[in-house]
Amino acid sequence: MQTSEDVATHPRDSAPGTFDGQADISARLERLPITRRVFWTRNIIGAATFFDGYTVIAIAYAMPVLVREWGLGPEQTGLILSMGYLGQLIGAVFFGWLAERIGRLSVLLFTILLFVSMDVACLFAWGAASMMAFRFIQGIGTGGEVPVASAYINEYIGSKGRGRFFLLYEVMFLLGLVGAGLIARALVPVYGWQAMFLVGIIPGIILIPFRFFMRESPRWLASKGRYEEADRIVGQLEASAVASGHSLEPPKPVATRAKAGSNWRELFSSFYRRRTFTIWAMWFCSYLVANGMITWLPTLYRQTFNLPLETSLLYGLLTSIAGVVASVACALLIDRVGRKRWYMIAFFAAPLPLLALAFLGATSPLEVLILAGLAYAILQTITFSLYLYSAELYPTRMRALGTGLGSAWLRLGSSTGPILVGVLMGSAGVQYVFATFAAVSLVGAIVTALFAIETKGRVLEELSP
């Protein structure tokens, strides 16, 4: 049995694909600081995630114009808003599965190409049916990008400070939401709804060439028996760290019961079953409420309260900004507070402003802006950080698959939210929308309190054998 000193001195002694090889790669990554390559890899992937966030929410800012231009009712509006999320459900599961077999980077490139090409298609949508179809296909691409990117970033960093480093990357998704609001307010009143999709073409022009700067996940390579490739990449990271003046300690491999291959059935094994069902419930509850609100609010301000288009878009933008501020606070604090404690507090706190809105009747746009914005900001700290938590719950051999399948439930929740809003607004009234959202958030709180586990500060291989 090799000691940590033996591994540090002779990193190639372990046979490819063995337990020792995988443990060595993990241990060497755990001791590394954030090197320049890892920093810029996060930023490049973050830029793609920025446009993913932009693409997801762009339709919400186009809808106030489309509703009047195409004469849409609440049910049609809800379906258009939901189609992208339904596509994301398929993309999250399929591309999560594919990333375990062919690697993270090949999948990321294809997903970016897919959602950018559908931005072009949306420019030529001629009615509700065509927009639903294009948004559905686009959702397949956006649904695959984020969970695979999350697994990829998580696998490059050690346990110390993992939450902060990763969540500062995830903030890029939220900045994409804010960017969509800023662009909508500047361009839609002047150039129409097509401007939102024209801007979405940018990532295909800028980001794809940067793909060749990045290297495959060494943890994934080692899990597939490609130890020499993993060793070469980690060796480059170690050399970069030393060249930057860092002194590296000998690696300390973590004893695990690592397996060679992945199987989706393992997600429901005795060890992972509780984690799987818990994270599914957390994804579904948080996203049903958060995305149900953020996608409908601009249209709600415009149609229900008859606010000017510019004001409706501004209010939607302010809500997105509130979510970013709260999420940055979460990124800076979650390694101290802990995942489970943060999620419990947020899930229990969010229903308070929602119940206040239901009780007051949601009779004024300012009332909705303040109280719905507060609830959204609280829940956004959960939604944007669940990719971190999901990736911590599963081992490398099924991290992308587990994260992708879990995030499929966010897509289901996100598609359910707008449809639910449309139905309730058409049959009961807007106050019942907020009461329902409060109840869903409370369900998420109870599940988290009873079944979630704490993961802060623990090595990935230790958490998930």
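Report the extension gain between E367 and V337 in nm, rounded to one decimal, defined as 0.36 nm multiplied by the number of residues separating them, less their alpha carbon distance. Before the final figure, lay out the partial values.
Values: separation 30, 0.36 × 30 = 10.80 nm, distance 3.10 nm.
Contour length minus the Cα-Cα distance gives 7.7 nm.
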Once both label points are put 7 Å beyond Cα along the C-beta direction, the L113-I345 separation in nm becomes 4.5
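What shape does region 366-465 have by the C-alpha gyration tensor, where a ≥ b ≥ c are the square roots of the eigenvalues, rounded means a/c under 1.5, and otherwise prolate means a/b greater than b/c and oblate the rest? Please list the in-between numbers first.
Values: a/c = 2.84, a/b = 2.14, b/c = 1.33.
It comes out prolate by the Cα gyration axes.
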When T304, T381 are arranged by how many other beta-carbons sit within 10 Å of their Cβ, fewest first, they go T304, T381
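Quick check on the exposure proxy: order K340, K224 from fewest to most C-beta atoms within 10 angstrom. All intermediate terms of the calculation are to be shown ahead of the outcome.
Numbers: K340 17, K224 23.
In increasing order of surrounding Cβ atoms, one gets K340, K224.
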Here, T304 and A428, labelled 7 Å along Cα→Cβ, have an inter-label distance in nm of 1.3
Rounded to the nearest 500, the 222 nm mean residue ellipticity computed for the chain from DSSP H runs (n ≥ 4, each -39500 (n - 2.57)) alone is -26000 deg cm²/dmol
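Of the peptides 42-53, 323-334, 80-91, how do they stack up when ordered by the mean number of other Cβ atoms within 10 Å, highest first?
On the way: 42-53: 22.4, 323-334: 18.7, 80-91: 26.4.
Per-residue Cβ counts within 10 Å, averaged per peptide and sorted highest first, yield 80-91, 42-53, 323-334.
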For region 303-422, shape from the Cα gyration tensor axes a ≥ b ≥ c, cut at a/c of 1.5 then a/b versus b/c, turns out prolate
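Using the number of other C-beta atoms within 10 angstrom as an exposure proxy, rank Y272, Y227, Y61 with the fewest first. All intermediate terms of the calculation are to be shown ahead of the outcome.
On the way: Y272 18, Y227 24, Y61 29.
The fewest-first ordering by Cβ neighbours comes to Y272, Y227, Y61.
Sort 162-170, 186-194, 281-289, 214-222 for me by packing, meaning the mean count of neighbouring Cβ atoms within 10 Å per residue, highest on top. Let's see the in-between values first.
Numbers: 162-170: 22.0, 186-194: 15.2, 281-289: 27.2, 214-222: 23.7.
Top of the packing list down: 281-289, 214-222, 162-170, 186-194.
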In whole angstrom, the spacing between the Cα centers of region 342-421 and region 41-88 equals 17
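Ordered by packing density, taken as the mean number of other Cβ atoms within 10 Å over each peptide's residues, highest first, how do 108-117, 363-372 rank? Kindly include the intermediate steps, with their values, before the conclusion.
Working: 108-117: 20.7, 363-372: 16.7.
Most protected by this proxy first, the peptides run 108-117, 363-372.
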Looks like region 44-157, by Cα gyration tensor root eigenvalues a ≥ b ≥ c and the a/c under 1.5 rounded cutoff (else prolate when a/b is bigger than b/c, oblate otherwise), is prolate
Relative contact order in percent for region 71-214 (Cα pairs under 8 Å, 6+ apart) equals 32
For K252, the aspartates and glutamates lying under 14 Å Cα to Cα, once residues fewer than eight places off in the same chain are dropped, come out as E5, D6, D20, D24, E30, E461, E462
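Just add up the charged neighbours of D119: K/R +1, D/E -1, any other residue whose Cβ is under 13 Å from the Cβ of D119.
On the way: positive: R135; negative: D52.
Local charge sum for D119: 0.
What is the calculated FRET efficiency for F451 to L168, with r their C-beta to C-beta distance and R₀ = 35 Å, to the nearest 0.05?
0.80
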So, relative contact order of the chain in percent, Cα under 8 Å, 6 or more apart, is 27
Once normalised by the length of region 88-154, the mean sequence separation of its alpha carbon contacts under 8 Å that are 6 or more apart gives a contact order in percent of 54
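FYI, it's all coordinate maths here, none of it is from the lab. Keep in mind the model is a prediction, meaning the values are calculated, not measured. Here the Cβ is made from the backbone with ideal geometry for all residues, glycine too, and neighbour counts use every protein chain on show.
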